[in-house]
1. Once ligands and nucleic acids are excluded and a 1.4 Å probe is used, how much of Phe6 is accessible, expressed in Å² to the nearest 10?
2. Amide H to amide H under 5 Å from Leu15: which residues, 5+ apart in sequence or cross-chain, H placed 1.01 Å off N in plane?
3. Anyone know which of Cys51, Cys67, Cys170 comes out most mobile in the 10 Å Cα GNM of the chain?
4. Just by accessible area at a 1.4 angstrom probe, what is the order of Tyr202, Tyr157, Tyr133 from largest to smallest?
5. Just how much of Thr78 is accessible, in Å², when a 1.4 Å probe is used and the result is rounded to the nearest 10?
6. Scanning the chain for trypsin sites (Lys or Arg not before Pro) in DSSP loops with at most 15 other Cβ atoms within 10 Å, what's the longest stretch left with none?
7. For Ala49 and Ala169, FRET efficiency with R0 = 30 Å and r from the beta-carbon atoms, rounded to 0.05?
8. Which one, Ser132, Tyr173, Val152, is farthest towards the positive end of the dipole of the chain when Lys and Arg carry +1 and Asp and Glu -1 on their Cβ?
Amino acid sequence: FVLIPFADVIRRSFLKAVGNTFVGFENYRDVLMNQAFREAVLHTVKFLAVCLPLLLLFSFGTALMLCRLPAAKAVFQTVFLLPMAVPVASLVVSWKVIFHGNGLLNEMLALFGREGQDWMNTDTAFWVLVFSYLWKNLGYDVVLWIAALSEVGEEQYEAARVSGAGAWACFFYITLPQLKPGIVMIFVLSFVNAFRVFREAYLIAG
């Protein structure tokens, strides 16, 4: 169900779209020479370069904060995970209501005497998509960070504090080294999720 269809896609990439005529790398050349494809690649690279660092930093900082508030951890984890349970269609409707030319955001700006704009047809559309990605995936990464942080034994921190280590020393010499496997896993999952934002982008702006 995975390998055979995948291999068949590779095989058919060397054939004409209609028929079984072998065309070699002609299909690949056509795609790489396509202006729309090149533009899409640039947008994707830009999106990944902006979103991944922001998501990893925000989620890690939030997880550290929640680890210091064990009583509120369960409540906040639930709140942060709620966006993942929201269907894409509902999310798209919400964004359109907010960012449409006659949407809530422009109505609020008008109350303060500021002129609105059609947010989804300007350069700000990119940042709307970034915000959408961060809002939807923050909770998922926070839970992963909390799981990774919980694997670091408290006795190590206690031993370090007894030896005179401060908070930053504990963070750099205990927390970060033991988070390496978690960092790799969370980065890979966030990277994969970044490619799944296409549905939101297409449904919001076409």
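1. Number for this one is 130 Å².
2. Amide H neighbours of Leu15, under 5 Å, 5+ apart: Val23.
3. Ranking Cys51, Cys67, Cys170 by mean-square fluctuation puts Cys170 first.
4. Final ranking, largest accessible area leading: Tyr202, Tyr157, Tyr133.
5. Counting only protein heavy atoms, the figure is 80 Å².
6. 115-206
7. 0.45
8. Result: Ser132.
The values are calculated or read from the model by the stated rules, or taken from the named source; none is laboratory data. Bear in mind that the values here come from a model prediction, so they are computed numbers and not experimental data. Backbone-built Cβ (ideal geometry, glycine too); neighbour counts: all protein chains shown. Surface accessibility is based on the protein's heavy atoms, side chains included, excluding ligands, DNA and RNA. Shrake-Rupley method; radii C 1.70, N 1.55, O 1.52, S 1.80 Å.
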